[in-house]
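Visitor: Got a structure for you, questions after.
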Amino acid sequence: MSQQEAVAAICAQEPVTIVHGPPGTGKTTTLIEAIYQLVQSGEKVLVTAPSNTAVDNIAKGLLALQLPLLRVGNTSKVDDVLFPHTPEGRLSESKQVKEIKDLKIRAEQFRRMALKYKRSFGKAEREQRNLLFKEVYAIRAEIKAIQAYNEEKLYDDARVILGTPIGLQDSKIKPNQFQTLVIDEAGQCLEPLAWCVFPFADRFVLAGDHLQLPPTVLSHEAARLGFNRSILEVFFTKVPAVYLLNTQYRMREAIAGFSSNYFYADKLQTAQHLLNTGQHLTFIDTAGSGFEESRGQDGSSLQNEGELRIAKQLIESEQLNAATTAFISPYAGQVAAAKEQFTTGMRVSTIDSFQGQEQEAIVLSLVRSNSDGEIGFLKDYRRMNVAITRAKEQLYVIGDSATLGGDAFYTAFLNYIELHGTYRTVWEFEL
């Protein structure tokens, strides 16, 4: 029902509409349906997202509905399936290809004729040489004109154009050419990027979740000056038309429950077919085991060798299928160490790289274990919101309650697991 309300709101042509999509709520599916309906009503729609992957996901969904589209941007970063729908792909199949090929052959013939003239030649030969070069330049100009005309026609005829903000900015799109601009993953789209594409349309749809990972900003100075805010954060409290997708279709109820309570004020419901059928959430406590964090081989990112050993034993004892299991961690050092030790075929990733993805079973290693209770960037709870909402059937969290328990968020999480999951200690494993 909330998806239908969001689609109706997008089609109602408000100046700005926000679709708030928590994990697993079908945000992309909702956007695809809304875009389809807008095009069917005669609109031209522009679609963007900060990553090529997100853009390609929508493009493939629209193609499944047999909706013609134009995917712009760097073709080396575009999914191969979509190349026929890029300007390059379209033009390579046009009837003008043979004409351009013939013109290039003629230009090369004239160029070679001109180069036959050597240094010592008379006035007549010099004039002939200049005429030949002029003909080469004229042909090349004609080729460019043909290509520009056909490319511009592609843009004018397209009902849906998709690309990243930079890809769209570098394209041949004109201001106010579209009725609606849709920004997916708006929670990861920096505000300056959004302003690059706002001039292209009359109305805007921002879709995403500002309670998951924010945009990546490498410059500490830029972050200090406020340039790390997403366009969704900027608009969220200022726009009245906010539509929450309130039903998740990804994970079991026990896995989704903590996020629903902590981040979404218990408004995130679970689809009926995903109600619990057993124990789906497990915390393995390493407190008192001596499994402390250490610096990785690169000397910067942290790792925890003890947690890796527990993870390996867990995967074996629970007989987790490598093809349907992922190991994730907030620290690149832990991920690098895991890739060296774990079964080939199992996805091993940082939490940040795993946003937007899912797996049947997730093993999450939190790494932090120290006598000072320091948890570093685990204090960005949005990262944990992503981490604990990737599993569909089983979520296993490995961590040190003594280190984590000094933080109110993790205390609440541990309390939730005691009520709705399974609490195990590291001593159950062979240390």
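The values are calculated or read from the model by the stated rules, or taken from the named source; none is laboratory data. Values in this document were obtained by computation on a predicted structure and should not be read as measured data. Don't worry about glycine lacking a Cβ; one is built from the backbone with ideal geometry, like all the others, and counts go over all protein chains shown. The area values use the complete protein model at the heavy-atom level, side chains included, leaving out ligands, DNA and RNA. Shrake-Rupley method; radii C 1.70, N 1.55, O 1.52, S 1.80 Å.
Visitor: Contact list please: Cβ distance under 6 Å, first residue in segment 18-44 and among the small types (G, A, S), second residue part of a helix (DSSP H, G or I), pairs at least six apart or on different chains.
Guide: Listed by first residue and then by second, the contacts come to G21/K27; G26/Q3; A34/V7; A34/I10.
Visitor: Got a sec? Which of T324, T247, T270 is modelled with pLDDT of 95 or more, within 25 Å of the chain's Cα centre (by Cα), under 20 Å from V335 (Cβ atoms) and open to solvent by 10 Å² or more (accessible area, probe 1.4 Å)? Before you say what the answer is, go through the steps one by one.
Guide: Numbers: T247 fails: under 20 Å from V335 (Cβ atoms); T270 fails: under 20 Å from V335 (Cβ atoms).
Testing whether each residue is modelled with pLDDT of 95 or more, within 25 Å of the chain's Cα centre (by Cα), under 20 Å from V335 (Cβ atoms) and open to solvent by 10 Å² or more (accessible area, probe 1.4 Å) leaves just T324.
Visitor: Out of (1) aromatic (F, W, Y); (2) modelled with pLDDT under 95; (3) open to solvent by 10 Å² or more (accessible area, probe 1.4 Å), what's the single condition that is false for F354?
Guide: (3)
Visitor: With the condition being touching a helix residue (DSSP H, G or I) at 6+ places or on another chain (Cβ under 8 Å) and at pLDDT 95 or above, I'd like the helices (runs of 4 or more DSSP H) fully within segment 9-108 carrying at least 1 qualifying residues.
Guide: Values: elements: 27-40, 52-64, 87-92.
Once the helices (runs of 4 or more DSSP H) in segment 9-108 are filtered for at least 1 residues that are touching a helix residue (DSSP H, G or I) at 6+ places or on another chain (Cβ under 8 Å) and at pLDDT 95 or above, what remains is 27-40, 52-64.
Visitor: Could you look through segment 379-410, keep only residues that are open to solvent by 50 Å² or more (accessible area, probe 1.4 Å) and under 18 Å from Y262 (Cα atoms), and pick out the one that is nearest to the chain's Cα centre (by Cα)? Give the steps one after another, and end with the answer.
Guide: Just the residues of segment 379-410 that are open to solvent by 50 Å² or more (accessible area, probe 1.4 Å), to begin with: 379, 381-382, 392-393, 402, 406, 408.
If we keep only those that are under 18 Å from Y262 (Cα atoms) too, we end up with 379, 381-382, 406, 408.
Numbers: K379: 23, Y381: 19, R382: 16, G406: 33, A408: 30 Å.
Across segment 379-410, the extreme among qualifying residues is R382.
Visitor: Here is a further query. Within segment 218-233, can you find the residues that are surrounded by 14 or more Cβ atoms within 10 Å (Cβ to Cβ) and not polar (S, T, N, Q)? Steps first, please.
Guide: Step one: of segment 218-233, the residues surrounded by 14 or more Cβ atoms within 10 Å (Cβ to Cβ) are 223, 227-233.
Passing the criteria: A223, F227, R229, I231, L232, E233.
Visitor: Just one of (1) assigned to a helix (DSSP H, G or I); (2) in contact with a strand residue (DSSP E or B) (Cβ under 6 Å, 6 or more places away or on another chain) trips up P192, so point out which.
Guide: It fails just one condition, (2).
Visitor: Condition first: more than 23 Å from Y423 (Cβ to Cβ) and of a type outside the set (D, E, K, R). Now tell me which residues in segment 368-398 satisfy that.
Guide: The answer is G376, F377.
Visitor: Pull out all pairs, ordered by first then second residue, where Cβ-Cβ is under 8 Å, the residues are six or more apart or on different chains, the first lies in segment 169-185 and is under 16 Å from G73 (Cβ atoms), and the second is acidic (D, E) and open to solvent by 50 Å² or more (accessible area, probe 1.4 Å).
Guide: Close Cβ pairs satisfying both conditions: K172/E152.
Visitor: Please count how many residues of segment 170-189 are over 18 Å from the mean Cα position of the chain (by Cα) and not in a strand (DSSP E or B).
Guide: Going through segment 170-189 one residue at a time, the tally reaches 8.
Visitor: Okay, moving on. When you go through (1) assigned to a loop (DSSP other than H, G, I, E, B); (2) farther than 24 Å from I375 by Cβ one by one for N228, which number turns out not to apply?
Guide: Just one mismatch for N228, condition (2).
Visitor: Within the set of pairs 6+ apart or on separate chains, which have a first residue in segment 200-228 that is at pLDDT 85 or above and among the aromatic types (F, W, Y), a second that is assigned to a loop (DSSP other than H, G, I, E, B) and open to solvent by less than 60 Å² (accessible area, probe 1.4 Å), and C-beta atoms under 7 Å apart?
Guide: The qualifying pairs are F200/I173; F200/Q177.
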